[in-house]
């Protein structure tokens, strides 16, 4: 841990004073602050650093990380390069074995032993098996995938749409509207991910529709909370202040809109949310524009030959 005081508090009280208050940390978990010693002694390493800290924290340890298994838990995209976290890990440590873990995984529910499933994704089958062996338990099931970019994009992109969902609930737009927004969000996410080389089938699983549903439906989601505050009439600055930290979806939205335009992928909800947050539009105006758009097929990845 980077904060010695926080590590000491966990060691003494068996509780993290900053996150997940009230959840007891098991005796087998030992908080440490000596990153060098931990990296040298470990073969399987879960990387849960903020995206902004990934390079600065890991770059001094390249030699120690070579040939290790590095599994990213961070759901984000680097603003300057539009690189996913696993791509940054590959860049920092080319000789490491890389994977990602993502899914509908609200931290408090996992800590409270709610039945939960997740996905480990890597081209390295042995890495997937080792992660499954390490994490699989009575209340936590780990599935495997070889579509690393698809799983990772699902985790990063859904945060944008959770903001829209939170706004819709705050404005009491109804279940039909919420369902439409989530479903069209899935279509947008999949369309964009396929343009980046992902498998569309990945988005029918836990890392796609699963993560999208929980993030767009749960008040526990930070991005949902920001959207709900916006729907109540707060400004973006006020909503972020209430949350106490920047929701990932706000930063992802900025870079995603630019990238979607660059690769010419149709993403009306992304464009609409950007207009709400930064161009003075309202959610009602965005939905009205969506409803007035030209008719399209419901699902992009099936043949419509033979349909009238």
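The values are calculated or read from the model by the stated rules, or taken from the named source; none is laboratory data. The model shown is predicted, which means the values in this text are computed figures rather than measured ones. Counting neighbours? That spans all protein chains shown, and the Cβs are built from the backbone with ideal geometry, glycine included.
A few comments on the model shown:
- Any hit, region 179-190, residues being closer than 24 Å to residue 74 by Cα, assigned to a helix (DSSP H, G or I) and touching a strand residue (DSSP E or B) at 6+ places or on another chain (Cβ under 7 Å): no
- For region 43-56, residues that are surrounded by 11 or more Cβ atoms within 10 Å (Cβ to Cβ) and at pLDDT 95 or above total 4.
- Residue ranges of helices (runs of 4 or more DSSP H) in region 27-80 with at least 3 members over 30 Å from residue 215 (Cβ atoms): 35-41, 62-65
- Those helices (runs of 4 or more DSSP H) of region 209-259 in which at least 2 residues are surrounded by 21 or more Cβ atoms within 10 Å (Cβ to Cβ), considering only elements entirely within it, cover 211-217, 222-231.
- Of the residues making up region 11-21, at least one is surrounded by 12 or more Cβ atoms within 10 Å (Cβ to Cβ), assigned to a helix (DSSP H, G or I) and without any contact (Cβ under 8 Å) to a residue 40 or more places away in the chain.
- Condition met for residue 193 (at pLDDT below 95, assigned to a helix (DSSP H, G or I) and crowded, with 18+ Cβ neighbours inside 10 Å): no
- Selection status of residue 153, more than 16 Å from the chain's Cα centre (by Cα), surrounded by 18 or more Cβ atoms within 10 Å (Cβ to Cβ), closer than 25 Å to residue 275 by Cα and touching a residue at least 60 places away in the same chain (Cβ under 8 Å): no
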